[in-house]
Amino acid sequence: MIDFRSDTVTKPTKEMRLAMANAIVGDDVYEDDPTIKELESLAAKMTGKEAGLFVTSGTMGNQLSIYTHTSRGDEIIVGSKSHIKNYEVGASAVISGVSYHLVDEVEGMMPLKSIKYGIREQDVHYPDSSLICLENAHGSGKVLPIDYMKSVYDIAKENNLKIHLDGARLFNAATFLKVDASVICQYVDSVTFCLSKGLASPVGSVLCGSKQFIQKARRGRKMLGGGMRQVGILGAAGIISLKEMTKRLEEDHQNATYLAGKLDKIKEIDVDFSSLDINMVFIKSTLDFMKLADFLFEKGIVFAGNRGKRTRIAVHNDISRENIDQLIELINEFISI
């Protein structure tokens, strides 16, 4: 099956499978798995942070960051369309006991004035503001500019707040901006990025920050049941993700642009070119996406058949130009029926 639903569906490469089979492992709860130590050290270096922590998922990394940065009863500033707010099962309330001050994003960015307004003054009636959460690349497909990141960082430091970056697609953002990931991460106190999206590892994310932050987060990971044993088997794939797969993301971005151009020629489809920063194409259409998804599935293509007029198509390591051409041909066939 050719799967356009998300870059989470990527399969590990042959090189990854071989590295996993031959990985040197230890007990990571005792912190003696050498492969995971190498992965965490590499991740910290690439993000410009002191230390890293391997976690099972981006959600775990985000929630550990919130837990580590905050105290129960705090209020955190979060985008209304962010992954942390919408797609993490309300974990911040359950795990950390914090509430949200929600800000509507504009092109993936919370307006600076709105962030400032959301920071609580000292008052017996108010919760304490302690954390600002950003997302880059944003789930809308937009990449946040470096100067915006710096502006939010300045606001945070002026008000003694921390910043956490949900960088699930951090290296896509870095590729778009043509900078090292550390350039983005210099303006945050912690960052989580996924190995299992466009970087093609089968499992895992890495949380990076200061040594003191990671020490506390490691304890939180254990509390959540995330203390893993001979996990270097997964770390071996992650090392290849960072050393090799980060270098090929521009190909996915180019393929997304190619796909958008092809879709734009179909009069029933409206492409959102304003959200074409990374490897995802957002479209609106008069077509019934659920029926289209059923039709494509019978032809060997998996498509996100959202109920509504807007959906997302993702390209990744397992999607070629030929696959894109096949998708376009079948969409036209569906329209002609």
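Every number in this text was worked out from the coordinates using simple rules, so none of it is lab data. A quick note: this is a predicted structure, and the numbers were derived from the prediction, not measured. So basically every Cβ, Gly included, is an ideal-geometry build from the backbone, and we count neighbours across all protein chains shown.
Please identify every one of the trypsin sites (Lys or Arg not before Pro) in the stretch 147-194 that sits in a loop by DSSP and has no more than 11 other beta carbons within 10 Å of its own beta carbon.
The qualifying sites are Lys178.
Just tell me, in residue order, which DSSP H segments of the chain are both 24 angstrom or longer along the helix axis (alpha-carbon based) and at least 0.5 in mean Kyte-Doolittle hydropathy.
none
Full-extension gain between Lys116 and Lys309, please, as 0.36 nm times their residue separation minus the C-alpha to C-alpha distance.
Values: separation 193, 0.36 × 193 = 69.48 nm, distance 3.45 nm.
The span from Lys116 to Lys309 would gain 66.0 nm if fully extended.
Any idea what the dipole of the stretch 282-337 comes to, in debye rounded to 20, about its Cα centre with Lys/Arg Cβ at +1 and Asp/Glu Cβ at -1?
My answer is approximately 440 debye.
With a point put 7 Å past each Cα toward its Cβ, work out how far Thr257 is from Glu298 in nm, to one decimal.
With each label placed 7 Å out from Cα toward Cβ, I get 3.7 nm.
Would you list, by chain and number, the aspartates and glutamates whose Cα falls below 19 Å from the Cα of Lys116, excluding same-chain residues fewer than 8 positions away?
Asp74, Glu75, Asp104, Glu105, Glu107, Asp128, Glu135, Asp147, Asp154, Glu158, Asp189
Describe numerically, in nm with one decimal, the distance between label points set 7 Å from Cα along Cα→Cβ at Thr8 and at Asp27.
3.3
With volume of the Cα convex hull per residue in Å³ as the read-out, I listed [x] 133; [y] 342; [z] 151; which label goes with the value calculated from this structure?
Here the calculated entry is [x].
Quote to one decimal, in nm, the extra length available between His125 and Arg229 on full extension: 0.36 nm per residue of separation minus the C-alpha distance between them.
Gain in length upon complete extension: 32.9 nm.
What trypsin sites (Lys or Arg not before Pro) does the stretch 33-91 have in DSSP loop regions with at most 11 other beta carbons within 10 Å?
On the way: sites: Lys37, Lys45, Lys49, Arg72, Lys81, Lys85; in loops: Lys49, Arg72, Lys81.
Listed in order of number, the matching sites are Arg72.
Mind giving me the nanometre distance, one decimal, between the label points for Lys247 and Asp325, set 7 Å out from Cα along Cα→Cβ?
2.8
If you take the charge dipole of the stretch 248-336 about its Cα centre, with +1 on Lys and Arg Cβ and -1 on Asp and Glu Cβ, which of Ile278, Asn306, Leu263 is farthest toward its positive end?
Asn306
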